[in-house]
Structure formats: structure tokens, C-alpha cells
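Just below is one structure, and these are the notes that go with it.
The values are calculated or read from the model by the stated rules, or taken from the named source; none is laboratory data. The shown structure was predicted, so the numbers you read here are calculated from the model rather than taken from an experiment. Here Cβ is always computed from backbone atoms with ideal geometry, including for glycine, and neighbour counts include all displayed protein chains.
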Amino acid sequence: MQKILLIFCPIILFGYTIDFDTALFKTLEKNKGLKAKKLIIKQSKEDLNIAKSYDYGTIVFNENISNTNNAGYIFGMKLSSREASFGDFGFNEFDMSGATKMDELLSTKPEDLNSPKSRTNFETKITYTVPLFTGFKLQNAKKMAKLQVLAKNAQYNYDEKLLTLEVLKAYNGAVAAKEFIKATQKAKKAMTSFVTFANELYKEGLVTSIDVKQAKVRDMGIDSSSVTAKNRYELAISYLQFLTSDTEISDVQEFKNMTNKANIIKTLQKKAHTKREDFLAMKYNTQTMKTKIEMEKSALYPTIGAQIEYGYNDNQLNNIQNNKDYYMAAIGLSYNLFDGFLQTAKKEKAKIEYKKTHYYLEYMKDAIALEVKKNILTLEAKQKILKQKIKANNLSDEVLEQSEELYKNHLINMSNLLLQQANQQKANAEMILAQYETSLAAAQLKISLGENLQ
């Protein structure tokens, strides 16, 4: 007994029953797949921040330390630090008194100029670079990034709705499996009474052993159905646990049924085109491709940039002195005269991408209209079928009760009784399945219309 309690203790302590709204809330809050998709939106926002960052330009600090004996470099370093003297030109070797000819004097190669001592130079500077005009390339890049933020956000909202549909499938699937278990338990109870009654009649010599055997065979079949129903239930609960990221769920409540207002099909199709986030995301993608055409045209314009630089040069690290500083301010213009028709090809490619995306948008519009119409007709059919299945189930219950009385009065044989019991179990199963399919069809219609299941 203690071992049995230990086995079921975790279920008693941690398992609990959940309703659809709670399952949906948990899924939207904890589902790991949804969290990953939310990061895609953050990525697109960072892409927008990257595009905006170019407007501010860049400030770069540099500390360059070099050592050389190259005469040209050393002379340039001395000029940069304002240390150059006439002696660096070799004037100490420019002796007019000892020269006999001017040509000999001019051909003298000054040692101080050509072979100076090696020098270590410290260059400290801050540079600010900013684009002034990029042919509207940066403006279009920011516009494209903004459109992609909107597109990713819209796609996320639609993916979230698709996930709610999966929650409904899992939840109502578990409810349906639970109802199947109840139905098999009901059938098991009935068959147990059939087997018992058949045994009593057999002992009294009123029926043959065939009746008993037929009842037992049918009873075993119900046991198999019970195992299948329990397995389906466990699978549905496991899927629900996966979606909600909650492994403690052990039971569900009643069916979650969706309500849909009756409207004209064309009105609902128009509504879907207005509210569907995936369609809205496709619109943003189409606008992005259109903007890309304009961005590729930026190569037709010149680009203008500015740079301001301020720094110090000296042969020691402590070079931040007023007599060692310098500044430079520059504006540059660049204009591409010929690129082998590269930009023309890029622009044409962008036009093709836009047309392709636009065709996909129109195709998606037609597909959504078809999806809405299909879901409306499916729901109408499922609702009619459900009504008939409920009536058939009620009628099969009555037939089974009457058949049981007829068997007890020896007016029908066991085969007929078992046939009616099988019919009743089938009718019950079909009714449960119809309930599940009707709720799913209603939910699919709501999703196709861009509505929420909450």
C-alpha cells in the first residue's frame, strides 16, 4: 500500500486540472518558441538603430607610436611637431669658405638630412567623420528598416495566433480523449453486465456458450479501445505541457467552443484582408522592396562627407602641448562616373524583387479569400454534422437499452445485442469527434479572419 502511495504521490502533489484560458495564458507567457520569435523583432529594431547611427557620424581616438630611421618620415615627424630646424637640412655642412666651386658645394649630401638618427614619434589625434549627403541612401535604408520592424511585429502577432490555435487543438484534443475514456468506461460497464447476465443464462441452460464467448470477445475489444483512448489522452496532455512549458498539467476541463457571427462571405473576406497580420507583414515587405529600388538609385547622385581632425605630434608621450597641436577640416565629394553598369543591374534586380513580392502579395490576397470561404463552409458543415451526431447518439442509447431488454426476454440473440452495443459506442465516439472538429473549425475560421481566440 505504501508503494502505491509513493507512486501516485507526485501526481497528487503536483498534477492539476487546467482550463483553456489558463493554458493559453501560460503558452503566450512561457512558450520558448514564441520567445525566440520575439527576439526577431528586437533584431529588426537594432537594424533600424544601425541605420540611424550613420547620421551622427563617428568619433575615433588614435594613439600611434612609431620608430623609424627613414629620412623622409623623420623630417615629416619633425615638421608635424614643429621641431624642424635649418640644421635638419644639413646647413652645418653648407660651408662657403672652403668651397672652390659652386657646383661642388651644391653636390654636397648633408649627413643630418639623409642619415638622421632614428626617432620615436607619438601621434595623438581625434577624428570626427560624418556623411553630409549620400544620395538619399541612408534615408531609404532607415525607411526600409522601419518597414521591417513593422513587418516582423505583424508576423509575430500572426504566429502568436497560430500558436493559440495549436493550444486549442491540444486542449480540445485532450478533452476529446478524456470523453473517449469515459465512453469506453461506460461501454466496459455495460459489457461487464452483459457477460455476467450471459453467464447466468448459460448456467440456467437458456443460452449456449457461444453467447458467453461473444460477450467476452467484445469485452476484450473494449479493453483495447480503453488503452488506445488513454494513450491519446496522455499524448494530448504531453503536447499541452510542451506548448505551455508546464509539465505539471495532468487534466483538462470541458470543451472550449468558439462562436462566430454569421456574415456574408465577401464581407468576411474583406475583413480578413484588413486584420490578418501575415497579410499586413507581406504588405510591409512589398513596400520594403519598393523602397529598395529608390535606395539603388542613390548611386546616381554624388556623395559628400566631412572630416574634422585634431591632434598632437612629439617624440615623447606627453605631447599634449599647445605648440605641438594641429587641426584639419575637410569636405570631400565623390561621384561615380562609370561602374561597368553595376548600379543599373542592381536597380533592375531591385525592380524584379519588388514585382515578385507584389505578385506574392496578390496571390496571398486570393489565398486568404479562398481560406475564409473554405473555413466558413467547413464550419457550417461541421455544425450540421454535430447536430446529427448528437441525435444519433441519443437514439443509439435508446436502441441499446431496448435491445438489452429484448435479450433478457430471449427475443434477440447475443450477436444482435453486441451489434447494438457496438453501434452505440461508435455513435458516441462520432459525436465526441464531431464536437472536437466543430470547435476546431470555428477556431480556424477566427484565425483566418485575423481574430483572437482569447
### Task
Check whether at least one residue in segment 359-366 is touching a helix residue (DSSP H, G or I) at 6+ places or on another chain (Cβ under 8 Å) and among the basic types (K, R), and report yes or no.
yes
#### Entry: Scope segment 345-365; condition touching a residue at least 40 places away in the same chain (Cβ under 8 Å) and of a type in the set (D, E); matching residues
E353
### Message
Pull out all pairs, ordered by first then second residue, where Cβ-Cβ is under 7 Å, the residues are six or more apart or on different chains, the first lies in segment 223-243 and is hydrophobic (A, V, I, L, M, F, W, C), and the second is modelled with pLDDT of 90 or more and not in a helix (DSSP H, G or I).
### Response
I237/I249; I237/S250; L240/I249; L243/N31
### Condition check for A198: within 27 Å of S403 (Cα to Cα), crowded, with 17+ Cβ neighbours inside 10 Å and of a type in the set (G, A, S)
yes
### Query
Quick one: is E104 of a type outside the set (S, T, Y) and at pLDDT 85 or above?
no
### Among the residues listed as Q454, Q424, the single one being of a type in the set (S, T, N, Q), touching a Ser or Thr at 6+ places or on another chain (Cβ under 9 Å) and outside the structural domain of L24 (by TED's automatic domain parsing)
Q454
### Query
Failed condition for A442, given (1) assigned to a helix (DSSP H, G or I); (2) surrounded by fewer than 20 Cβ atoms within 10 Å (Cβ to Cβ), with all others met?
(2)
### Query
If you take the residues in segment 190-228 that are in a loop (DSSP other than H, G, I, E, B) and either of a type in the set (A, V, I, L, M, F, W, C) or closer than 25 Å to E179 by Cβ (or both), which one is farthest from the chain's Cα centre (by Cα)?
L206
### Task
Could you tell me whether segment 433-454 includes any residue that is over 21 Å from E380 (Cα atoms) and under 26 Å from the mean Cα position of the chain (by Cα)?
yes
## Note on the structure
Subset of segment 229-253, residues of a type outside the set (G, A, S) and not in a helix (DSSP H, G or I), comes to D246, T247, E248, I249, D251, V252, Q253
